[in-house]
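Have a look at the structure below before the remarks.
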Amino acid sequence: MKQKLLNFLKILIPFALVLFVLHHFAIGALSDQYTFYYSTWSIYLFHFTITFFIYLAVLAVSNNLPDKTGFAFLACSGLKMFAAVVFLIPVIQGKAPEPIADVAAFFIPYFLFLFFETVFAVKLLK
């Protein structure tokens, strides 16, 4: 289990850092036109921690109940969606000056991290 987790982190950390840098520069270029409610680091901290804990939970289920791994991934993905809505409550309530830009700045990395999680969950299922 530890080796799988370390291999996951060896890929997750560079993946998150590269996306963060690209996103940070994109947000910097757009900051003249839009005012963002969330900073780039808070968005990536959210995505990184959620992705790490989802993989940790799915890995634990895979080791203990291998036939329930897919269900664990689906359940964790549902919890991730709920956490995303909770994270975006200020934007939903209208406290953000540019809600469309904030939602896009959040959900583009959301789907990239979801794809990343899915690839590793499929590897556990095989």
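General remarks:
- Picking from residues in the range 30-60 that are over 17 Å from Leu17 (Cβ atoms) and aliphatic (A, V, I, L, M), the one that is modelled with the lowest pLDDT is Leu30.
- Residue check, Asn64 open to solvent by 40 Å² or more (accessible area, probe 1.4 Å) and under 16 Å from Lys123 (Cβ atoms): no
- Single condition Ala96 does not satisfy, out of (1) assigned to a loop (DSSP other than H, G, I, E, B); (2) without any contact (Cβ under 8 Å) to a residue 24 or more places away in the chain; (3) open to solvent by less than 30 Å² (accessible area, probe 1.4 Å): (2)
- Test set (1) open to solvent by less than 50 Å² (accessible area, probe 1.4 Å); (2) in contact (Cβ under 8 Å) with a residue 40 or more places away in the chain; (3) over 13 Å from Phe106 (Cβ atoms) - Ala57 fails condition number: (2)
- Condition met for Thr69 (exposed (fewer than 14 other Cβ atoms within 10 Å of the Cβ) and hydroxyl-bearing (Ser, Thr, Tyr)): no
- Boolean, Ala29 is open to solvent by less than 40 Å² (accessible area, probe 1.4 Å) and in a helix (DSSP H, G or I): no
- Exactly one residue among Leu79, Leu124, Leu112 is surrounded by 13 or more Cβ atoms within 10 Å (Cβ to Cβ) and closer than 28 Å to Ala26 by Cα, and that residue is Leu112.
- For the range 6-14, the criterion of being in contact with a Phe, Trp or Tyr (Cβ under 9 Å, 6 or more places away or on another chain), open to solvent by less than 70 Å² (accessible area, probe 1.4 Å), closer than 30 Å to Ala96 by Cα and part of a helix (DSSP H, G or I) is met by at least one residue.
- Of all residues in the range 82-93 being within 15 Å of Phe36 (Cα to Cα) and in a helix (DSSP H, G or I), the one that is nearest to the chain's Cα centre (by Cα): Phe87
- Given (1) in a helix (DSSP H, G or I); (2) touching a residue at least 24 places away in the same chain (Cβ under 8 Å); (3) open to solvent by less than 50 Å² (accessible area, probe 1.4 Å), number of the condition Tyr38 does not satisfy: (1)
The values are calculated or read from the model by the stated rules, or taken from the named source; none is laboratory data. These figures come from a predicted structure and were not determined experimentally. Every residue, glycine as well, gets a Cβ built from its backbone with ideal geometry; the counts of neighbours run over all protein chains shown. Quick note on the areas: whole protein, heavy atoms, side chains included, nothing else; ligands and nucleic acids left out. Shrake-Rupley method; radii C 1.70, N 1.55, O 1.52, S 1.80 Å.
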